[in-house]
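Notes follow once the structure below has been shown.
The values are calculated or read from the model by the stated rules, or taken from the named source; none is laboratory data. It should be emphasised that the depicted structure is a prediction, and the values quoted were computed from it without experimental measurement. Neighbour counts run over all protein chains shown; Cβ positions are idealised from the backbone, glycine included. When the accessible area is computed, the model is the full protein with side chains, heavy atoms only, and any ligands, DNA or RNA have been set aside. Shrake-Rupley method; radii C 1.70, N 1.55, O 1.52, S 1.80 Å.
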Amino acid sequence: ENFTGNLVPMLRDGEIDVALIALPFSVPGVRTRALYEEPFSVVVPEGHEWARKKRVRPDELAGESLLVLHAGHCFREQVLEACPGQGNTANPEGRSGSSLETIRNMVASGLGVSVLPDTALQARYANKLVKVIPFTEPVPSRQVAIAWRASFSRPQAVEAVARAVLDVKLDCLRKVAA
């Protein structure tokens, strides 16, 4: 796990063989293959006025204190792109976190609301102080892909990693056709 910007030189220099990244991702000498699409959901603190809502429109987040990851995280940019009206105004008080778990705990503490990828909302991460609310259609999402050096001489290893990722059974993920 690392910033996408750090993974690029690691891939190119052979420090790592493959990486899981979010698309779009275009780097000379690096190949990618989309694996799955992952939807996003809104998280609010228990007791928030939205806690009983069935769905939230992305534009509704414009009036909320949106908690996002620190600058440099690609998921931060994906959330800001998916939620019109946030732009560079997200976190005017500097409320951002270094990890999705930090963001979840900030939401539980009542510091604001956030958007998380559905893999971060599986039962093992449940927090009774946080309410998860799906987005309305079309649901914001991201495509996750495997990336490897074009010169990597073991395509079977890349395929084995891709298969292992795709074998994980999570209902929230929509597999992308190969």
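Annotations for the structure displayed:
- For the stretch 96-135, the average shadow cast by the Cα convex hull is 2.8 nm², which is a quarter of the hull's surface.
- Here the chain yields Rg over Rh of 1.00, to two decimals, using C-alpha coordinates and the Kirkwood radius.
- Stokes-Einstein diffusion of the stretch 49-151 at 25 °C, 0.890 mPa s viscosity, Kirkwood radius from Cα pairs, rounded to a whole number: 169 µm²/s.
- Annotation for the stretch 38-139: GluC sites (Glu not before Pro) lying in DSSP loop with at most 13 further Cβ atoms inside 10 Å of their Cβ are Glu46, Glu49, Glu93.
- Pairwise Cα distances in the stretch 27-90 exceed 16 Å for 57 percent of all pairs.
- Count of Lys pairs (Cα-Cα under 19 Å; at least 8 positions apart or interchain) in the chain: 4
- Contour excess over end-to-end distance, with Cα ends at Leu170 and Leu129 and 0.36 nm allotted per residue: 12.4 nm
- Once all protein chains are placed together, Met106 keeps about 30 Å² accessible to a 1.4 angstrom probe.
- Approximate spin-label separation Val139-Lys54, in nm, with each point projected 7 Å along Cα-to-Cβ: 1.5
- Solvent-accessible area of Arg55, all protein chains in place: 120 Å² (probe radius 1.4 Å, heavy atoms, ligands and nucleic acids excluded).
- Asn105-Glu159 pseudo-label distance in nm [points 7 Å out on the Cα-to-Cβ vector]: 4.3
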